[in-house]
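Step one of this worksheet: look at the structure below.
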Amino acid sequence: MTERSTEPRSTSGSRPAAKPGSKPPAKPAGRPAGKPAGSPAGAQSGKPAGAGGSSDDTAVRPPLTERLQGRVTRAAEEHKANREAKKQAASAGSTAPAPTSGKGPSRGPRRARLRLTRIDPWSVMKTAFLLSVAFGIVTVVSVLMVWTVLDGAGVWESINRTVTDVVGQESASDFDVENYIGTSRVIGFTMLIAAVDVVLLTAIATLGAFLYNMAAALLGGIEVTLAEDN
């Protein structure tokens, strides 16, 4: 009778249990020892599959981040500067006067400081002569008009009657106020005064021009500030 094997079989698989003293079966050559089948290639390094662990990514990503941050910062600064410029322009436009149409903003009248250092005596003499003649004519005409009005109002007759009543008719019979301050006498005297005034005023103005030129040569003359109309 043949002896049957009394070794127990494994209940989980069809492969018999290894006998004592026998070598373990050889493992497949395609699998590394101690690694489960189907494990990813990058499991050994602890990084997910497809993640490139090269130094190029670490060298490129920080500059890109810095560039993006710089662009965002510059854009924010430009936006802030534009807002401030608009506010300043609005405030300046509200306080400044409105410019005239077709012209720039008004800058105010220009001013110039000048010094009067010399006056032409000849021009002063001509001007003074003309003005003095005009003044003489005005004086004669005004006196003539006043005496004509007084004569028409009967002032001379009233003066004659008053003098006659005070002194007496016999003593003042030949008295007439027009013999002393009549129109013809007064007009003649006024014309004489006007002629003398013409000569005196012309001479005084010319002499004053000479004196001013001498004083300006010593002191520099009179300062005059000229300005344009608004």
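Tell me whether region 72-79 contains one or more residues that are modelled with pLDDT of 80 or more, in a helix (DSSP H, G or I) and of a type in the set (Asp, Glu). Before the answer, list the steps.
Here is the first cut: in region 72-79, the ones modelled with pLDDT of 80 or more are 72-79.
In the following step, the residues that additionally are in a helix (DSSP H, G or I) were identified as 72-79.
Filter again for of a type in the set (Asp, Glu), leaving 77-78.
The answer is yes, given that some residue of region 72-79 is modelled with pLDDT of 80 or more, in a helix (DSSP H, G or I) and of a type in the set (Asp, Glu).
Among the residues of region 192-205, is any hydroxyl-bearing (Ser, Thr, Tyr), within 54 Å of the chain's Cα centre (by Cα) and part of a helix (DSSP H, G or I)?
Checked region 192-205: at least one residue is hydroxyl-bearing (Ser, Thr, Tyr), within 54 Å of the chain's Cα centre (by Cα) and part of a helix (DSSP H, G or I).
Would it be correct to say that VAL149 is without any contact (Cβ under 8 Å) to a residue 24 or more places away in the chain and more than 30 Å from ARG111 (Cα to Cα)?
Spelling it out, VAL149 is indeed without any contact (Cβ under 8 Å) to a residue 24 or more places away in the chain and more than 30 Å from ARG111 (Cα to Cα).
Considering each of GLY108, GLY104 in turn, give the residue that is surrounded by fewer than 10 Cβ atoms within 10 Å (Cβ to Cβ), at positive phi and either at pLDDT 85 or above or in a loop (DSSP other than H, G, I, E, B) (or both).
Result: GLY108 is the single residue among GLY108, GLY104 that is surrounded by fewer than 10 Cβ atoms within 10 Å (Cβ to Cβ), at positive phi and either at pLDDT 85 or above or in a loop (DSSP other than H, G, I, E, B) (or both).
Can you tell me how many residues within region 127-167 are acidic (Asp, Glu) and within 30 Å of GLY208 (Cβ to Cβ)?
Number satisfying all stated conditions: 0.
Within region 111-134, take every residue that is modelled with pLDDT of 95 or more and over 18 Å from LEU207 (Cβ atoms) and give me the one that is surrounded by the fewest Cβ atoms within 10 Å (Cβ to Cβ).
The residue in question is ALA134.
Considering ASP174, ASP151, ASP165, which residue is loosely packed, with under 13 Cβ neighbours inside 10 Å, in a helix (DSSP H, G or I), acidic (Asp, Glu) and out of contact with any Cys (no Cβ under 6 Å at 6 or more places or on another chain)?
From the options ASP174, ASP151, ASP165, the qualifying one is ASP165.
Regarding PHE189, is this residue under 25 Å from SER123 (Cα atoms) and in a helix (DSSP H, G or I)? Give the derivation first.
Values: under 25 Å from SER123 (Cα atoms): no; in a helix (DSSP H, G or I): yes.
The answer is no for PHE189.
The values are calculated or read from the model by the stated rules, or taken from the named source; none is laboratory data. Note that the structure is a prediction, hence the values are computed from the model and not measured. Cβ coordinates were reconstructed from backbone atoms using ideal geometry, including for glycine residues, and neighbour counts include every protein chain displayed.
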